[in-house]
Amino acid sequence: IKSAMNPVDYPRAAGVKDINVALKVFHTLKIAKKYNIPLEARTTVVPELSDDIKQIRAIGYQLAYYADEYHLQQFDPTNALDPELRDCPFTKKSDLEMLAFAARGGGFDNVFIKTKEDGLEEAFKVSR
C-alpha cells in the first residue's frame, strides 16, 4: 500500500496518472475479504515520501477491516527503481516504530516493522 487510498495521494505515490488506482486497490481488498483470504498489507516507508504520520494512520483506518497484518518496511535506496530515490537515506528504525504506533491508532491490531538490521519484529500484536 503506497499511501492513503484517495485519488490524489495514491496515484502520486504509485507513480501513475490513473486517479482510479486507489479504487482498484480497494476493490482487490474487498474481494480478498469476501472470500476470507488472509491479507498482509505492506508499506515501504520512504523518508519524506511515505513517512507521514497522518498518511500511515489513514492507511490504518482504511485497511484495518480488510487486512490481518500491517507491515511497515524500511526503505533501502540501494536498488531503488527511481534513480532520484537512490539518494534517500534508509528509514530509521525509530521512525518505523513511531509510525507503527500511528497505524495502531488507526485501527490495526497486528502491526510489524521490518528492517535490514533486525528483520521482522512485532510492533503490536493482538490475538483475536
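Annotations for the structure displayed:
- Relative compactness, the chain, computed as alpha-carbon Rg over 2.2 N^0.38 Å: 1.03
- Karplus (6.51, -1.76, 1.60) ³J(HN,Hα), θ = phi - 60°, over segment 19-33, in Hz, Gly and Pro reported as x: 6, 8, 4, 5, 5, 5, 5, 4, 4, 4, 4, 5, 5, 4, 5
- Sequence-ordered 3J(HN,Hα) estimates for segment 46-59 from the Karplus curve with 6.51, -1.76 and 1.60 and θ = phi - 60° stand at 9, x, 6, 10, 10, 10, 7, 4, 4, 5, 5, 5, 4, 4 Hz, glycine and proline given as x.
- Here the peptides 5-13, 64-72, 116-124 are ranked by packing, the mean other Cβ count within 10 Å, and the order with the highest first is 64-72, 5-13, 116-124.
- Pairs from the list LYS2/LYS34; LYS34/LYS92; LYS2/LYS114; LYS17/LYS54 with a Cα-Cα gap above 26 Å: LYS34/LYS92.
- J(HN,Hα) series, segment 104-117, from Karplus relation 6.51 cos²θ - 1.76 cosθ + 1.60, nearest Hz, glycine and proline x: 4, x, x, x, 7, 7, 10, 10, 10, 10, 10, 10, 5, 6
- Dmax and Rg, reported as Rg then Dmax, of segment 58-99 (C-alpha, Å): 13.2, 36
- Amide H contacts of ARG42 (H built 1.01 Å from N, in plane; Pro and chain starts excluded): HIS71 sit under 5 Å, all sequence-distant by 5 or more or on other chains.
None of the figures in this text is laboratory data; all of them are computed from the coordinates on show. Bear in mind that the values here come from a model prediction, so they are computed numbers and not experimental data. Glycine also receives a Cβ, built like all others from the backbone with ideal geometry; neighbour counts cover every protein chain displayed.
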